[in-house]
1. (1) under 14 Å from the mean Cα position of the chain (by Cα); (2) at pLDDT 80 or above; (3) open to solvent by 70 Å² or more (accessible area, probe 1.4 Å): which one isn't true of Ala31, the others all being true?
2. Those residues that are open to solvent by less than 80 Å² (accessible area, probe 1.4 Å), under 14 Å from the mean Cα position of the chain (by Cα) and either of a type outside the set (Gly, Ala, Ser) or modelled with pLDDT of 95 or more (or both), I need them from the range 1-28; list them, please.
3. Yes or no: Gly57 open to solvent by less than 50 Å² (accessible area, probe 1.4 Å), modelled with pLDDT under 95 and either touching an Asp or Glu at 6+ places or on another chain (Cβ under 8 Å) or not aromatic (Phe, Trp, Tyr) (or both)?
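The values are calculated or read from the model by the stated rules, or taken from the named source; none is laboratory data. For clarity, every value in this text was computed on a predicted model and none was experimentally measured. With ideal geometry, Cβ positions are generated from the backbone for all residues, glycine too; neighbour counts draw on all protein chains shown. These area figures cover heavy atoms from the full protein model, side chains too; ligands, DNA and RNA do not enter into them. Shrake-Rupley method; radii C 1.70, N 1.55, O 1.52, S 1.80 Å.
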Amino acid sequence: MVTLSKPWAKFNSSFRASLVPAAAGVAVARAVEEIFGLSLKIKWVNDLLLDSKKICGILAEAVSLGNQT
C-alpha cells in the first residue's frame, strides 16, 4: 500500500476537490505506462485495471480544519 498526503491550506473558488481522484488515476496510469510499458485502464475514476484485473484504487478524502490560515 502506498499512502500520499497533500495538504492545501487555502482553496480558491476554482478548486474542485472532486477532480483529485480522477487526476491521480490518470497520473498513475501514465507513470506506469512510461516506466513499465504497461497500459492500464481506468474504471470509473478511482480503479486502475491491468488485463481486466484491479491492481490499484485511488481514495481521497477532505478534512476541514475550520478557519485556520
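1. Condition not satisfied by Ala31: (3).
2. If the condition is that a residue be open to solvent by less than 80 Å² (accessible area, probe 1.4 Å), under 14 Å from the mean Cα position of the chain (by Cα) and either of a type outside the set (Gly, Ala, Ser) or modelled with pLDDT of 95 or more (or both), then Val20, Pro21, Val26, Val28 are the ones that fit.
3. Details: open to solvent by less than 50 Å² (accessible area, probe 1.4 Å): yes; modelled with pLDDT under 95: yes; either touching an Asp or Glu at 6+ places or on another chain (Cβ under 8 Å) or not aromatic (Phe, Trp, Tyr) (or both): yes.
Criteria met by Gly57.
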